[in-house]
Amino acid sequence: MALCRITKIEPQRRRKSRFSVFVNGEYSFSLDAELLASVGLAEGQEIDEARLEQIRRESELRYARERAYRLLAVRDRSEAEMRQRLTRIGFDPATVEMTIGFLKERKYLDDRSFALRYAQSEVAVHSVGRCELERRLRQKGLEEGVVREVVGHLLPPGEEAALAWQEALRRYRRYRNEPDREKVKARVVSFLARRGFEWPILQDILERWQELEQQAQRELGEDGESEHDIG
């Protein structure tokens, strides 16, 4: 059985809580202070290669988990996003997959929960329709089944239509000083299409355009009266 000699152990300059281990005069790997103490490595120690590799692997896994925790502290992530970031950092595929499994087992990664939270935020902040919401969820690397389940739960047809109507009113009010009413209509519908609302919903808004104009003008009038009363 081949033996290796630990020739030097020194703290890293940028990460004082981690130590560089040199074997037979050359840098081999780094590990944190807690692991260093628990495995009992010391300068001048002779150790077999298999045990050294075991320590190196354990150190790699601990560091990958640490980096994953730091990523999750910034924001929630899907499995695919976490896998991509850990790979980009430089962890090998086996370490990445073991870390993903560890996080999933402890519910730090849960694609369905992530998808629902993300979708709720996108709808609340950006008022997107089904098509756009599905596109954004797919960009997060989520499985198709998860995407459809979450979007179907959050934006059933009636809810999507109501959201589109409110967005159309809001957009109409923005163009209230535009004299060309056909241009206003085109701009509102174009905006809703970019937000991912489906054609049947847009068609319904076009068919009810006069109703939408009347409601928007009525609400604008009420707002003006309220401001006058306050003044």
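A few notes on this one:
- A count restricted to the range 47-63 and to residues that are of a type in the set (D, E, K, R) and touching a residue at least 40 places away in the same chain (Cβ under 8 Å) stands at 2.
- All conditions in (1) exposed (fewer than 13 other Cβ atoms within 10 Å of the Cβ); (2) at pLDDT below 95; (3) within 29 Å of Ser78 (Cα to Cα) hold for Glu198, with the sole exception of (1).
- Long-range neighbours under 8 Å by Cβ, at least six apart or interchain, first residue basic (Lys, Arg) within the range 111-123, second part of a helix (DSSP H, G or I) and modelled with pLDDT of 95 or more: Arg112/Val146; Arg112/Glu149; Arg112/Val150
- Scan the range 163-203 for residues that are assigned to a loop (DSSP other than H, G, I, E, B), among the basic types (Lys, Arg) and closer than 18 Å to Gly129 by Cβ and the total you get is 1.
- Qualifying residue in the range 5-14 (condition: outside any helix (DSSP H, G or I), among the polar types (S, T, N, Q) and in contact with a Pro (Cβ under 9 Å, 6 or more places away or on another chain)): no
The rows are residues; the columns are (1) surrounded by 12 or more Cβ atoms within 10 Å (Cβ to Cβ); (2) modelled with pLDDT of 95 or more; (3) out of contact with any His (no Cβ under 7 Å at 6 or more places or on another chain); (4) over 30 Å from Ala119 (Cβ atoms).
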position: Ser28; (1), (2), (3), (4): yes, no, yes, yes
position: Leu31; (1), (2), (3), (4): yes, no, yes, yes
position: Leu35; (1), (2), (3), (4): yes, no, yes, yes
position: Gly40; (1), (2), (3), (4): no, no, yes, yes
position: Ala50; (1), (2), (3), (4): no, no, yes, yes
position: Ala64; (1), (2), (3), (4): yes, yes, yes, no
position: Ala68; (1), (2), (3), (4): yes, yes, yes, no
position: Val74; (1), (2), (3), (4): no, yes, yes, no
position: Ala80; (1), (2), (3), (4): yes, yes, yes, no
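- Long-range neighbours under 7 Å by Cβ, at least six apart or interchain, first residue part of a helix (DSSP H, G or I) within the range 130-159, second basic (Lys, Arg) and crowded, with 19+ Cβ neighbours inside 10 Å: Val151/Arg130
- Test: residue in the range 164-173 that is under 15 Å from Ser113 (Cα atoms) and under 26 Å from the mean Cα position of the chain (by Cα): no
- Qualifying positions in the range 120-164 - buried (at least 18 other Cβ atoms within 10 Å of the Cβ) and among the β-branched types (Val, Ile, Thr): Val123, Val128, Val146, Val147, Val150, Val151
The values are calculated or read from the model by the stated rules, or taken from the named source; none is laboratory data. Treat the numbers as computed from the prediction; the structure is a model and nothing was measured. Cβ sites come from the backbone with ideal geometry, for glycine too, and all protein chains shown count toward neighbours.
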